[in-house]
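Here's the structure we're looking at; comments come further down.
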Amino acid sequence: MLVDQKLNVGTIWITGLSASGKSTLGGKLFSDLKAIGVNNVKLLDGEDIREEFGDTFGYATNERNAILEKTIQMARECNDNGNIAIVSTISHKRSIRQKARDAITNFMEVFLDCPLEVCVKRDYKGHYQKALNGDYENFIGITESYETSDS
């Protein structure tokens, strides 16, 4: 094991549908980097960020964008403090991911292209079923589309 390595600062932005594996991949990448001695890494998971803000933000597109603006700021602060930021969040609008790309130096977008059927099967929280039943107005992949990036 290498001790106290520092990698170049930047942000790895992991995006995709709910239950596509964003949190799993982000957490695994974070723990693997820590395990080899990379200590300048922070994990910013969308669900954890939402929890931090409590009921401040809902799920309408404008509210999703507002919390993503905060996430962009958090990632930049991590980078400014010499840390790699691993962000895992749905961020379904191309425009908000472009804002992140424009605001963050050394930005890498990772899109988890997981078929909707697989995400539905993985959904242990039952969100997809609730969306299919009409219980959710704004559920990405069911009532609102995910916009893939051009590159």
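Derivation of every value follows stated rules applied to the coordinates shown; laboratory data play no part. Just so it is clear, the structure is predicted and the values come from calculations on it, not from any experiment. Don't worry about glycine lacking a Cβ; one is built from the backbone with ideal geometry, like all the others, and counts go over all protein chains shown.
Counting helices only, and only those DSSP H runs with n ≥ 4, report the 222 nm mean residue ellipticity of the chain as the sum of -39,500 (n - 2.57) divided by its residues, in deg cm²/dmol to the nearest 500.
Numbers: 6 runs with 65 residues, N = 151.
It comes out at -13000 deg cm²/dmol, rounded to the nearest 500.
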Contour excess over end-to-end distance, with Cα ends at LYS125 and LYS28 and 0.36 nm allotted per residue: 32.9 nm
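Semi-axes of the chain's equivalent ellipsoid from the Cα gyration tensor, sqrt of 5 times each eigenvalue, largest first, rounded to whole Å? If you can, show how the numbers build up before the last one.
On the way: eigenvalues 151, 59, 38 Å².
Taking √(5λ) for each eigenvalue gives 27, 17, 14 Å, largest first.
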Spacing of the two label points (7 Å from each Cα toward its C-beta) at ASN81 and VAL110, in nm: 2.2 nm
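Run the numbers on the chain and let me know its relative contact order in percent, using alpha-carbon pairs under 8 Å that are six or more apart. Intermediate results must be reported in sequence, preceding the final value.
Numbers: 229 pairs, mean separation 55.3, N = 151.
Relative contact order for the chain comes out at 37 percent.
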Residue-span extension gain [GLU147 to ILE36] - 0.36 nm each, minus C-alpha spacing: 36.5 nm
Dimensionless Rg/Rh of segment 108-151 - Kirkwood Rh, Rg from C-alpha atoms: 1.02
The chain: angle of helix 94-103 to the longest principal axis, Cα-based, in degrees nearest 10: 20 degrees
Rounded to 10°, Cα long-axis angle of helix 61-80 versus longest principal axis of the chain: 10 degrees
Folded to 0 to 90 degrees: helix 22-35 orientation relative to the chain principal axis, Cα: 10 degrees
Lysine pair number, Cα distance threshold 14 Å (strictly under), the chain, separation 8 or more or different chains: 6
